[in-house]
Amino acid sequence: MVTNYLLNKILKGHTDYNKKETRTKVGTLASIVGLIANVLLSAIKIIIGIVISSVSVIADGMNNLSDAGSSIITLIGFRLANMPPDKEHPYGHGRIEYISALMVAFIVILVGFQFIKTSYDRIIDPQPVIFDLIPFIVLILSIFIKAWLAKFNYDLGLKIKSSGLRATATDAIGDVLATSVVVISILAGRYTRIPIDGIMGIIVSLLIMYNGFNLVKDTIDPLIGEAPDEDLIRAINMDILTYDYIIGTHDLMVHTYGAGKTMATVDVEFPADINNLTIHDVIDCMEKEIGERYDLTLVVHMDPLGQETDEAYELRKSLKRLLKADPIVKSIHDFQLLENEEKKITEFHLVIDGNKLCRNKTPETLKDDFETFIKEKYPEISIDLIIDIEY
């Protein structure tokens with residue numbers, strides 16, 4: 001309810017979350033709310049920690065302070081990420097959002113690392129933690145505030161497809177766990193002489209660091225270039241095959257340059273005797289409709305197929321049946337049966353599932369292995385394979 005109210009206030013009914021202006025407004029809202037909440041929580045926890053002499057509470061408060069810094073970084077990241085393309089960056093600046101999320105992750109790890117040492121010192125030189133009901137209740141309330149903040153950022157992150165906001169939500173969930181551990185340590189400290197405060201301080205610090213490492217993984221994958229969603233690949237290929245004259249697709253590649261800036265390229269097969277203007281119109285329509293449907297820029301390469309002889313047709317069917325028996329083979333395409341005065345040459349692309357491939361296998365060794373295997377079955381023809389590895 002609060003989330004919808006805040007969104008209505010800043011968007012004024014404009015809810016096209018793919019628009020840059022809308023994404024910037026939503027990201028700014030999330031950053032400002034996070035900044036205010038974390039500064040207040042940090043100040044309250046640090047004061048409480050000093051009053052009751054608890055290093056784990058102070059550590060938790062400093063973690064909230066780092067979250068406030070993260071909100072500032074996220075805000076700056078959103079602003080920079082939504083700058084328009086320029087000469088040096090023709091695909092825009094969308095990946096800056098990932099970089100800002102990565103900076104947040106490193107801050108989280110640094111805070112956790114620093115408080116491991118502080119907590120260890122408290123174990124070596126323990127000090128009694130003073131139980132006070134009002135600060136204890138405030139800490140419990142802070143758990144609910146952080147839980148709401150996690151859902152708030154997660155919901156907004158889904159709406160605008162922001163890895164930065166989803167990272168912030170994950171961080172907030174880690175804070176909920178950390179503060180819960182602190183509350184348990186304060187209760188347990190009343191009934192034992194064990195330096196529970198220092199022990200729990202280390203646990204909180206390790207939770208913070210673990211959360212930070214998860215954030216690094218979540219944000220570095222799109223920077224390096226992660227594999228596209230398999231359902232997306234399957235859906236695009238199936239949609240392409242619904243268009244007139246298209247009889248096959250291959251080599252679909254998807255590249256993301258930040259939220260709202262995704263590009264895809266694909267080869268489509270069609271009979272070579274189709275008029276160029278006719279197939280060009282079909283592909284123009286395909287690029288526009290599929291691009292709008294999946295919020296991406298689609299570029300299609302035309303791959304005309306010549307008329308196939310009966311011999312080539314039977315050979316292609318037979319080879320496909322033979323090769324598909326191997327679990328690492330996904331498909332074959334661009335099949336050609338060439339003949340000269342001396343011999344017949346079969347040339348085609350063999351698509352290999354990289355997720356099922358042994359580490360010691362290279363495209364060269366795969367080419368040799370499969371050509372040898374086919375040669376044993378069809379000694380009368382020469383084989384020229386082109387290996388494509390897909391993940």
Ile247 being outside the structural domain of Ile96 (by TED's automatic domain parsing), crowded, with 18+ Cβ neighbours inside 10 Å, out of contact with any Lys or Arg (no Cβ under 9 Å at 6 or more places or on another chain) and not basic (Lys, Arg): no
Give me a count of the residues in the stretch 161-212 that are at positive phi and without any contact (Cβ under 8 Å) to a residue 24 or more places away in the chain. 0
What is the number of the single condition among (1) at pLDDT 80 or above; (2) surrounded by fewer than 19 Cβ atoms within 10 Å (Cβ to Cβ); (3) within 21 Å of Val138 (Cβ to Cβ) that Leu149 does not meet? (2)
Among (1) surrounded by fewer than 18 Cβ atoms within 10 Å (Cβ to Cβ); (2) touching a residue at least 12 places away in the same chain (Cβ under 8 Å); (3) more than 25 Å from Tyr210 (Cα to Cα), Lys87 falls short only on (2)
Quick one: which of Gly61, Gly49 is closer than 18 Å to Ile109 by Cβ and either without any contact (Cβ under 8 Å) to a residue 40 or more places away in the chain or not assigned by TED's automatic domain parsing to the domain that holds Leu187 (or both)? Gly61
Taking into account only those residues within the stretch 338-367 that are more than 19 Å from Lys324 (Cβ to Cβ), surrounded by 12 or more Cβ atoms within 10 Å (Cβ to Cβ) and over 35 Å from the mean Cα position of the chain (by Cα), which is modelled with the highest pLDDT? Ile345
Go over the candidates Gly92, Gly77, Gly61 one by one and state the one that is buried (at least 21 other Cβ atoms within 10 Å of the Cβ) and either more than 30 Å from Tyr120 (Cα to Cα) or in contact with a Pro (Cβ under 9 Å, 6 or more places away or on another chain) (or both). Gly77
So, in the stretch 49-71, of the ones that are of a type in the set (Ser, Thr, Tyr) and over 16 Å from Gly34 (Cβ atoms), which residue ends up modelled with the lowest pLDDT? Ser56
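The values are calculated or read from the model by the stated rules, or taken from the named source; none is laboratory data. These numbers were taken from a predicted model, which means no experiment stands behind them. Glycine also receives a Cβ, built like all others from the backbone with ideal geometry; neighbour counts cover every protein chain displayed.
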